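**Q** Take a look at the following structure, please.
The values are calculated or read from the model by the stated rules, or taken from the named source; none is laboratory data. Everything numeric here is computed off the predicted structure, so don't read it as measured data. Backbone-built Cβ (ideal geometry, glycine too); neighbour counts: all protein chains shown. Side chains included, ligands, DNA and RNA excluded: accessible areas come from the protein's heavy atoms. Shrake-Rupley method; radii C 1.70, N 1.55, O 1.52, S 1.80 Å.
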Amino acid sequence: MWNFPKIIQNFDTTEKCISFAEEEGLILKSKLCRTHRIPMLVSLSDRSTVGIFRCRKGACRKRTAVSRSSGTWFENAKIPLPQIFYIMFAFASHWSHSQVRKNSFIKEPILSSATICDWYNYCREAVVLYQVDHQVAVGKIGGPGKIVQIDESKFGKRKYNKGRRVEGHWGLGMVEDGSDDLRLEVCPDNVRSAEVLIPLIQRHVLQGSIICTDCWKAYDCLSSHGYEHRRVNHSDPENPFVAEDGTHTQRIESQWRVIKRFFLKDNYNNSEDFSNLIYEYVWRKNVANQHHDPFVKLLDAIKHTFKP
Ligand SMILES: [Zn+2]
């Protein structure tokens, strides 16, 4: 069996999971009765995974029952809490679905593929919302005199037997020299024209930045939008990778290879799935760069998104 870290071994009973969720602020420890203005009691019943609040006063006791899970991460949970924490741990560890089933120390109920998929999507949504807000809080990259490499790449373009084709999605990547703060965007409607790319660049890159791109024509108007623009011409037989003035886009281009390996694990059929995976990738990259514990950071993301 998988040798689980201590943190997940603590999630083997519902009671332990509930007290952990209380300590972490994922659920409320108490709530006031609206009528009596006194704290209600928690009762654990099988009506709700994390229990219900009930007033202790007379008739109110029968009338008032408030689910403790509503508005929380555990709302609509249909599997036992130890399973939920186990799947959260697996998501944070970036396990495949088959690893989730193989490593599970909880024998019953057996996790279905659909359940794992649902909870992975919930985790991903929390991470995406956290990452979007985090980028807004950090602000734009670049600035006067700073170099930002920008490149676009197509993901998921595949040709199957019998001629079936998957068109793939255009993504735009931006990274400042000397920084690990990678910004990725999905091109709306799968178009990479100037009308699409310039607003995406303006969302992430400060005016005055020196932007390095290849010779894709959509970038031609960058200098009329307050950026200094330098190009590397990949079809220049003399200097296909680094222009004479030193301009190159190799950092962002090498990122594409890493990202495409990351995406092999997952299915994404539409641009919304793809967009979420892109944010998940950036979140995982930041967690790894900063040597954080991914499970702790997943809890942070969940707490950020679900406030009971
Ligand atoms: Zn009451």
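**Q** For a quick check: with amide H placed at 1.01 Å from N, whose amide H comes under 5 Å from Lys146's, ignoring anything fewer than 5 positions away on the same chain?
**A** Ile210
**Q** Take Tyr130, Tyr86 and sort them by solvent-accessible surface of the protein heavy atoms, 1.4 Å probe, largest at the top.
**A** Sorted descending by solvent-accessible area, the residues read Tyr130, Tyr86.
**Q** Still on this structure: Report, by chain and number, residues whose modeled amide H sits under 5 Å from the one on Asp181, excluding near sequence neighbours (fewer than 5 apart, same chain).
**A** Residues meeting the amide H criterion: Glu176.
**Q** In nm, what is the difference between 0.36 nm times the number of residues separating Ala65 and Glu125 and their Cα-Cα distance?
**A** Additional length available on full extension: 18.7 nm.
**Q** Rounded to a whole number of µm²/s, how large is the Stokes-Einstein D of the chain at 4 °C and 1.567 mPa s, given Rh as the Kirkwood radius over C-alpha pairs?
**A** 58
**Q** OK, next. In square angstrom, what is the accessible area per residue of region 28-68 with a 1.4 angstrom probe?
**A** 69
**Q** Can you compute the FRET efficiency between Leu32 and Cys117 using 1/(1 + (r/R0)^6), with r the Cβ-Cβ distance and R0 = 51 Å? Round to the nearest 0.05.
**A** 0.85
**Q** To one decimal place, what Kirkwood hydrodynamic radius in Å is obtained for region 11-157 from all pairs of distinct Cα atoms?
**A** 18.6
**Q** According to a simple spin-label model (label point 7 Å from Cα along Cα-to-Cβ), what is the distance in nm between Arg56 and Leu44?
**A** 1.9
**Q** Please give the solvent-accessible surface of Leu206 in Å², to the nearest 10, using a probe radius of 1.4 Å with every protein chain present.
**A** About 70 Å², ignoring ligands and nucleic acids.
**Q** Out of every Cα pair in region 216-308, what percent are spaced more than 23 Å from each other?
**A** Distances greater than 23 Å cover 52 percent of the Cα pairs.
**Q** Treat each spin label as a single point 7 Å out from the Cα along the C-beta direction, and report the Phe263 to Ser223 distance in nm.
**A** Between Phe263 and Ser223, the label points sit 3.2 nm apart.
**Q** Can you check how the C-alpha radius of gyration of region 54-117 compares to 2.2 N^0.38 Å, as a plain ratio?
**A** Cα-based Rg divided by the globular estimate yields 1.55.
**Q** Hey, another quick one. Set the bar at 21 Å for Cα to Cα. Now go through Lys154/Lys260; Lys102/Lys285; Lys29/Lys303; Lys154/Lys217; Lys16/Lys78 and name every pair that lies beyond it.
**A** Lys102/Lys285
**Q** Under 5 Å between amide hydrogens, which residues at least 5 positions from Leu41 or on another chain qualify, with H placed 1.01 Å from N in the peptide plane?
**A** The answer is Arg54, Cys55, Arg56.
**Q** Also, quick follow-up: Report Val66's accessible area, 1.4 Å probe, all protein chains in place, as a number in Å² to the nearest 10.
**A** Answer for Val66: close to 40 Å² accessible.
**Q** Of all the Cα-Cα pairs you can form in region 147-288, what percent are over 25 Å apart?
**A** Above the 25 Å cut-off, region 147-288 has 29 percent of its Cα pairs.
**Q** Go through region 66-83 residue by residue and turn each phi into a ³J(HN,Hα) via Karplus (6.51, -1.76, 1.60, θ = phi - 60°); whole Hz please, and just put x for glycine and proline.
**A** For region 66-83, the Karplus curve yields 10, 5, 7, 8, 5, x, 9, 4, 8, 4, 6, 5, 10, 10, x, 4, x, 5 Hz.
**Q** Kindly report, to the nearest 10 Å², the accessible surface of Thr247 as traced by a 1.4 Å probe over protein heavy atoms only.
**A** Looks like 0 Å² after rounding.
**Q** How about the chain: what cysteines have no other cysteine beta carbon under 4.7 Å from their own?
**A** Result for the chain is Cys17, Cys117, Cys123, Cys187, Cys212, Cys215, Cys221, no neighbouring Cys Cβ within the cutoff.
**Q** Continuing with the same structure: Taking 1 over the mean of 1/r across every pair of different Cα atoms in region 28-68, what Kirkwood radius in Å do you get?
**A** Final number for the Kirkwood radius of region 28-68 is 10.0 Å.
**Q** With labels modelled as points extended 7 Å from the Cα through the Cβ direction, what inter-label distance (nm, one decimal) is found for Val138 paired with His304?
**A** 1.0
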